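Note sheet for the following structure.
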Amino acid sequence: MTNRIELADLFRRAATIIQTNGHHQGDYIPDPFNRVLNALPHERPMNIVAALRCAETGHPQRYGPASTGAVRFLAGRLLVDGEPPFWPDDYSMESHVAAWGDVAGRTVAEVVAVLLDAAEAAPVPRAAVVGRTLTMSDGTEWVLWSVPADGEPLYTVAGVRGGPGVQQSSYADLSARFGPVSVGSAW
């Protein structure tokens, strides 16, 4: 992806922004023209689209290629009044995601859950994440060894190279086995 930002990371960052700042309905952010509020735009509650933009660019009203791709990906996963997005253009995708967030009674917890679910479902770019470490709740580290073109990424114990006879597991298997997983950087 552009700027080496992975979709999964972008969704997780946006979830953190919503969790921290709150979820806004009806517009990207409250007082978008700064007529009343003194808070900086990135400090205000925001809708999902604005949170994705802010996660990439640092500003909820600034477009970026990664956040545009994330909005398209998310729009394909959400139904509004039981319907998928009506048109395939970027504006329609953005409007669809915003409309999902604008449903009366939509909570921060629901928005964060959708963003974290999207992070888990996001495609994994092959070269961008090989070597990334995962630290399990018991302290062991697993390293992303390979991302098969037709399968799920495989992890192996840190310090041991993958290959025949080496224990490998998927992210889902590791999460089920160890519980919460913290993601580290590439080695």
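Tell me which trypsin sites (Lys or Arg not before Pro) from the stretch 1-77 have a DSSP coil assignment and no more than 10 other beta carbons within 10 Å of their own.
Qualifying residues, ordered by number: Arg35.
Identify the residues of the stretch 52-68 with backbone N under 11 Å of a label point that sits 7 angstrom from the Cα of Asn34 along the Cα-to-Cβ direction, or state none.
Counting only backbone N, you get no residues.
Counting Lys +1, Arg +1, Asp -1, Glu -1, what net charge surrounds Phe11 among other residues with beta carbon under 12 Å of its beta carbon?
-2
With a ≥ b ≥ c the root eigenvalues of the C-alpha gyration tensor of the stretch 2-121, is it rounded (a/c under 1.5), prolate (a/b larger than b/c) or oblate?
Cα axes put the stretch 2-121 in the rounded bin.
Please give the FRET efficiency for Thr16 paired with Asp81, using the beta carbon to beta carbon distance and R0 = 22 Å, rounded to the nearest 0.05.
With R0 = 22 Å, the Cβ-Cβ based efficiency is 0.15.
No lab work stands behind these numbers, since they all come straight from the coordinates. These figures come from a predicted structure and were not determined experimentally. All Cβ positions, glycine included, derive from the backbone under ideal geometry; neighbour counts span all protein chains shown.
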